[in-house]
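**Student:** Got a structure for you, written out below as structure tokens; questions coming shortly.
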Amino acid sequence: MRKPVQPLLGILAILALLLIPAAPAAADGVIIPEPPPGVPIVDVPYLTVKVHRVTVTIDDQVATTRVDQVFVNEADFEVEGTYVFPLPETSTISEFAMWVDGEKLEGKILERDEARRIYEDIVRRRQDPALLEYIGHDAFQASIYPIPPGGERRIELEYRQVLPVDNGLVEYVYPLSTEKFSPRPLEEVAINVTIRSREPLKAIYSPSHPVDVVRGGDYDALVGYEETDVTPDRDFVLYYTVSQQDVGVNLLSYAPPGGGDGFFLLLAAPQVEVEAQEVVARDLILVLDVSGSMRGEKVEQARAALQFVLDGLNDEDRFNVITFSTSTQHFSRDLVPAAQRGEAQDFVARLEANGSTDINRALLEALAMVDEDRPAVIIFLTDGLPTVGEVDVDRIIRNVAGAAPENARIFPFGVGYDVNTALLDTIAQDHRGASGYVRPEESIEEKVSAFYAKVSTPLLADLELEFGGAEVYDLYPYPLPDLFAGTQLVVVGRYEDSGDAVVTLAGAVNGRRQAFEYGDLLFEREGGDEFIARLWATRKIGYLLQQIRLAGEEKELVDEIVDLSVRYGIVTPYTSFLVEEPEMALREEGRSEIVEQVVIEATVDVSGEAAVNRSAQEKDLAQAEAPAMPMPAATATGGEMSQAAPVRYAGDKTFVLHEGIWTDTTFDPERLATVPVAFGSDDYFALVASRPEWGRYFALGSHVIIVLDGTAYEVREGDAPALDLPPSQPEPGATEQSSSGTVPASVEQSRDDDAANILETIAETLRNLWARLADLFND
């Protein structure tokens, strides 16, 4: 009797896996469930992802990623599945291992053509286009043992990859977006990255997720992101830069296909550890409201905040403390050296709260102390409106503008809701500071201390940027803030001319002008980092909203806000119509009508909870380090939403749900006719295969309108005429090299070891195969 051949096929499958060249590095995966007999595949839900934890260690460009996912079968029947793991295109895998519930699992790497056929088959059978996002990617595939109703499977992965370096800029990507296949939000998602570098680390930046960064010095850092009850719908992206220069500068850019001005993002970051002589000596004036409304816990917290600031003075700083209510009181008649901080702390400890609020007098007395030969910072803290002395807000603003030297920076803090946000925000904007608000449930001490910890070590004041070889415009933030040790500057803007540029960053250091020059920074001619366009739009909208609130509404500003909001899907007080009346938003004439109809009064309340919240929201947009996100996406895939998600993003495009159709906001139905494409047809898949990068748009659903290369394609159910396919684009080649053309020696050694291990494994497998064949034929 012949023995079963299944073990032999298993050996052959392992051999085939070993002989496949190493594929680009992997990350997140999804389980595609198979139905039991008699159950249509479309009725079998995806498995819920309960927990997703990722731990990454990056040592000199070599990233080791450990993934821990727990899947739950919430169906009332047993489910088998296929684990599919899309592989990014830009990095090279050196090690890959996978375990299911602690048992090592075998699988196979699929080249992109084979992976595409599997994705297309799944899309056809499930009538769900969501996986089309991964067309053009290689993949890892493995079978998952049957999971009983209510049962769980724990999948663990570990892989190692080389991260390319481009002029000192390193990018790490972890694809989280496959978690949108989970029918329910994740109980927990966490990503923790440890970075260790032989070169000094400068900027550490994520355009995709809010991260906490803890620096252990110039050569190592910890980056963390964690959320609960969330459905991740975008990849986790982390950039970090390395440089031997005192200030590292790097440039990312994006130019839209088909021409037009580009978008850029500039990262500037100084070292963390600095010598005392490198710190800018400055004058610090603390101005504290001690009116009667500050009595009790408020004044206690304010005293603690001032004590923290005084403790943080640098040796060459000078300072003073001014308190105000109906009148003012000074710690000293003049600015005093930091060595006198102890006496000032005794002065602060004795403060009591009484009287009214003379904001005008307090600010003017503080400004009268400013020495125009040294940088000056005024921290101004109040919990009330001006009630005595000059109380007209416009006159106070004019008085401050007339008294403030150019070197003065004013940082107002409003405590509670009974503050005038227009006054505080205008003073901050006009004098190169930033305003902050402490809500009633928040701690004054924590808020002010956290702010001062970031700005306690100034390195460059009065920053200026020059771009040689490129015409740039519309930069944000404007004006540029000062640069502090351990912080980073993120600047976005537009450019006209592509190609190499030389960037000069200049600033003042203890009265001396110092300039840093950076060459070989590339402004892309086409393509690049798509998120930059939306980040630029986010910041510009925030800036325009602030101008309207503080200076009054003008039609031109509203026009810009409406156009940017529609194009990039950023919801503002002017653009609720994007959700409520999308048919108007999609027509140029309709947007003009909206501008005429929608008016936000510039004289809205300037104090109270709503005013503080509005100021904070505008500031979040104007200072954003990541693009604004759309309204929360639903948890189901393929456009079949469990809750309405009227705005979604794909690449640099925005889609609005209009009459059940995900519609590209660049589509104007009065100017462009659509070309029909039958969902799931051969033409449909051929179109996606011809331009794999378009798969992310088609992944939105079975009814989509997309403008691509000047053609408006309408994907819909039913038949459609034969389609003229666009010419295919050449696939970009992946690179393993750093900007210098080399990779670290440790990586080269790792590759040599990997090659030797693979050859030995192949030899051992062949020996086992020969022995197994001999047994089989003997039988």
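The values are calculated or read from the model by the stated rules, or taken from the named source; none is laboratory data. Just so you know, these numbers come straight off a predicted model, no measurement behind them. Because the Cβ atoms are built from the backbone with ideal geometry, glycine has one as well, and the counts that use them run over all protein chains shown. Side chains included, ligands, DNA and RNA excluded: accessible areas come from the protein's heavy atoms. Shrake-Rupley method; radii C 1.70, N 1.55, O 1.52, S 1.80 Å.
**Student:** Keeping to the range 443-470, report how many residues are closer than 22 Å to Ala624 by Cα and open to solvent by 30 Å² or more (accessible area, probe 1.4 Å).
**Tutor:** 9
**Student:** Which condition does Val566 not pass, out of (1) buried (at least 19 other Cβ atoms within 10 Å of the Cβ); (2) aliphatic (A, V, I, L, M); (3) touching an Asp or Glu at 6+ places or on another chain (Cβ under 7 Å); (4) more than 29 Å from Leu238 (Cβ to Cβ), if it passes all the others?
**Tutor:** It fails just one condition, (3).
**Student:** May I pose another question? If Ala515 satisfies all but one of (1) touching a Ser or Thr at 6+ places or on another chain (Cβ under 7 Å); (2) touching a residue at least 12 places away in the same chain (Cβ under 8 Å); (3) small (Gly, Ala, Ser), what's the number of the condition it fails?
**Tutor:** (2)
**Student:** Might you let me know whether the range 504-515 holds any residue that is of a type in the set (Val, Ile, Thr), in contact with a helix residue (DSSP H, G or I) (Cβ under 9 Å, 6 or more places away or on another chain) and part of a loop (DSSP other than H, G, I, E, B)?
**Tutor:** Checked against the condition, which is being of a type in the set (Val, Ile, Thr), in contact with a helix residue (DSSP H, G or I) (Cβ under 9 Å, 6 or more places away or on another chain) and part of a loop (DSSP other than H, G, I, E, B), the range 504-515 yields no hits at all.
**Student:** Applying the selection to the range 423-454, what residues are part of a loop (DSSP other than H, G, I, E, B), over 22 Å from Ala376 (Cβ atoms) and touching a residue at least 24 places away in the same chain (Cβ under 8 Å)?
**Tutor:** Passing the criteria: Arg439, Pro440, Ser443.
**Student:** Here's a follow-up. Has the range 471-494 got any residue that is farther than 30 Å from Gly259 by Cβ, of a type in the set (Asp, Glu) and either within 22 Å of the chain's Cα centre (by Cα) or open to solvent by 10 Å² or more (accessible area, probe 1.4 Å) (or both)?
**Tutor:** Yes, because at least one residue in the range 471-494 is farther than 30 Å from Gly259 by Cβ, of a type in the set (Asp, Glu) and either within 22 Å of the chain's Cα centre (by Cα) or open to solvent by 10 Å² or more (accessible area, probe 1.4 Å) (or both).
**Student:** Can you tell me how many residues in the range 677-722 are small (Gly, Ala, Ser), open to solvent by less than 30 Å² (accessible area, probe 1.4 Å) and in a helix (DSSP H, G or I)?
**Tutor:** So the count comes out to 2.
**Student:** Among the residues of the range 147-176, count how many are crowded, with 19+ Cβ neighbours inside 10 Å and polar (S, T, N, Q).
**Tutor:** 1
**Student:** A further question follows. If you check Met641 against the conditions, is it under 20 Å from the mean Cα position of the chain (by Cα), open to solvent by 30 Å² or more (accessible area, probe 1.4 Å) and at pLDDT below 85?
**Tutor:** no
**Student:** Report the residue count in the range 331-357 for those that are open to solvent by less than 50 Å² (accessible area, probe 1.4 Å) and in a loop (DSSP other than H, G, I, E, B).
**Tutor:** Count: 8.
**Student:** Can you say whether Glu133 is open to solvent by 20 Å² or more (accessible area, probe 1.4 Å), in contact with a helix residue (DSSP H, G or I) (Cβ under 7 Å, 6 or more places away or on another chain) and of a type in the set (D, E, K, R), as far as the supplied structure shows?
**Tutor:** Judged against the criteria, Glu133 is a match.
Quick grid of which residues meet (1) on the phi > 0 side of the Ramachandran plot; (2) loosely packed, with under 15 Cβ neighbours inside 10 Å; (3) at pLDDT below 90:
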position	(1), (2), (3)
Val223	no, no, no
Thr228	no, yes, no
Arg234	no, no, yes
Thr241	no, no, no
Asn250	no, no, no
Ala255	no, no, no
Gly258	yes, yes, yes
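**Student:** Sticking with this structure for a sec: Only one of Leu132, Leu157 is touching a residue at least 24 places away in the same chain (Cβ under 8 Å) and part of a helix (DSSP H, G or I). Can you tell me which?
**Tutor:** Going through Leu132, Leu157 in turn, just one is touching a residue at least 24 places away in the same chain (Cβ under 8 Å) and part of a helix (DSSP H, G or I): Leu132.
**Student:** Let me ask something additional. For Phe308, are the conditions met, namely being over 25 Å from His431 (Cα atoms) and either open to solvent by 10 Å² or more (accessible area, probe 1.4 Å) or in a helix (DSSP H, G or I) (or both)?
**Tutor:** For Phe308, the condition - over 25 Å from His431 (Cα atoms) and either open to solvent by 10 Å² or more (accessible area, probe 1.4 Å) or in a helix (DSSP H, G or I) (or both) - is not met.
**Student:** Further question on the same structure: Among the numbered criteria (1) within 25 Å of the chain's Cα centre (by Cα); (2) farther than 30 Å from Val272 by Cα, which one does Gln127 miss?
**Tutor:** Unmet condition: (1).
**Student:** So Ser607 fits all but one of (1) closer than 27 Å to Pro440 by Cα; (2) at pLDDT below 90; what number is the exception?
**Tutor:** Of (1) closer than 27 Å to Pro440 by Cα; (2) at pLDDT below 90, only one is false for Ser607: (2).
**Student:** Is the range 270-292 home to any residue that is open to solvent by less than 50 Å² (accessible area, probe 1.4 Å), among the hydrophobic types (A, V, I, L, M, F, W, C) and under 30 Å from Gln69 (Cα atoms)?
**Tutor:** no
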